[in-house]
Structure formats: structure tokens, C-alpha cells
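I have placed the structure first, in the form of C-alpha cells, so that the comments after it can refer back to it.
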Amino acid sequence: DGNPINTMEDLIAYLASSTTIGQKLNLTVLRNGKETTVELTLAARPANSANVTPEQNNQTPNGNSGPNNQLPNNQLPNNQAPNNQQPNSGSAYLGVAGLTVTPDIASAMNLGSNQTGVVVIEVDPNSAAAKAGLQVGSTPYTIQGQSVMIGGDVITAIDGAAVNTIQDLRSLLAQDTPGQQISLSVLRNGNPMTLTATLGQRQ
């Protein structure tokens, strides 16, 4: 559906936070070196299927593309590219994977039921996010059969612009450039704070 996927964490974060069983998706893949789009309908995860856990030492999605996800994610996330484009080499890179904060995640983190934002589930070592001091949590949480760690920083705004979902994070970071300094409004253990990050460059 136009959301860039660079790592397994990106895929996990997006499916976990932005899709539902029975939803139809357009999946863009490379097959024999050629790009093609496949339409698919999401099914329930089999009870006996193996869990996939994001690894802390993997390259993580840019907070923007994620998913920024990751947000992973979702992130979460690949902050360089708009949702309808693939991130390009040389674009701004934050270096986080994240998940959109849902009521269930907010409850598990002892936050208000109306809390929004992107919870950081991975930080790429030596990235802008790591240098800014963004922290991941240590509370295991299973979402649609995937195990992630929550309890970390929740990004709520960039330069004063609200971040309610991983898509917001991606879109805002897509407007930025390598070397640009940004202000991150975060919640850490429920307490608001501000961090400053100098965006890196995606390789």
C-alpha cells in the first residue's frame, strides 16, 4: 500500500499496528529483478506458527518509515520517504523502530488510555536516535503473535508537530534532511521531556 519496508521489523511493525484480519493489501515485491504488485487478503495467524522477535543488533527502520516503526516501526519506520514512496539512499535517517501506541499498549505501559504517539522498540546503534538518547523498554509484549519490547520512550511530537501514529512519524521525517537538527518530544516513564537529534543520512 505504498508504505516502505526495509527490514523485517518494518514489516512486523506495520502489520501489527496498521492492519486487521481480512484487510486487503497491495504488496510490492521484487521477483527475478522486476518489481511487481500482488494483492493479498490478511488471514489470522496460525496458532502453531513461530514468533519473530526483532533483534536489537539488526539495522532498524528509520523512525520515519517507520515504524518508524519502527516503529515496526512498524516503525516504526523509515523517516525519509513519504508513505507513497520508497526511501532513497542519502535521505534523512533517525534510526528507530516503533509502534503506534494503542489503548492496549498504553495500558501495558501504565499510560492514560487516550495516550497517543510512537513507542520506540529498537534503536540503531550509532544512529541519530542513539546519540540523542532515545531509549527502548524491557517489557515483553506480544502483538498479533509477535514479541516486542515496550516500555521505552514514546515519541509524541517532532519540532512541535504532533506524532500520533507511525505514519505521522514517517511523514514528518520525510520532510527533513541529513544534518538537520530536530526536537523530539517524548514521554519517558510517563514524564515529558525533550531530546535533540541531528539526523543522519541513510546509506
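The values are calculated or read from the model by the stated rules, or taken from the named source; none is laboratory data. From a predicted model like this one, the values you see are computed outputs, not experimental measurements. We place every Cβ from the backbone using ideal geometry, glycine too, and count neighbours over all the protein chains shown.
For region 165-198, enumerate the residues that are under 16 Å from the mean Cα position of the chain (by Cα) and at pLDDT below 95.
Result: 165, 166, 167, 168, 169, 170, 171, 172, 173, 174.
Which condition number does residue 157 fail, the rest of (1) under 14 Å from residue 96 (Cα atoms); (2) part of a strand (DSSP E or B) being met?
Checking residue 157 against (1) under 14 Å from residue 96 (Cα atoms); (2) part of a strand (DSSP E or B), the one that fails is (1).
Being over 18 Å from residue 164 (Cβ atoms), outside any strand (DSSP E or B) and under 13 Å from the mean Cα position of the chain (by Cα): is that true of residue 136 here?
Yes.
Given the condition within 22 Å of residue 11 (Cβ to Cβ) and exposed (fewer than 15 other Cβ atoms within 10 Å of the Cβ), answer yes or no: does some residue in region 100-114 qualify?
yes
Could you list all residues from region 166-188 that are surrounded by 14 or more Cβ atoms within 10 Å (Cβ to Cβ) and in a loop (DSSP other than H, G, I, E, B)?
175, 176, 178, 180
If residue 132 satisfies every condition in (1) crowded, with 19+ Cβ neighbours inside 10 Å; (2) under 30 Å from residue 42 (Cβ atoms); (3) of a type outside the set (Asp, Glu) but one, which is the exception?
(2)
Assuming residue 191 fulfils every condition listed in (1) surrounded by fewer than 14 Cβ atoms within 10 Å (Cβ to Cβ); (2) under 30 Å from residue 43 (Cβ atoms); (3) among the polar types (S, T, N, Q) apart from one, which condition is it?
Just one mismatch for residue 191, condition (2).
Using the structure shown, decide if residue 81 is modelled with pLDDT under 60 and of a type in the set (A, V, I, L, M, F, W, C).
Yes, satisfied.
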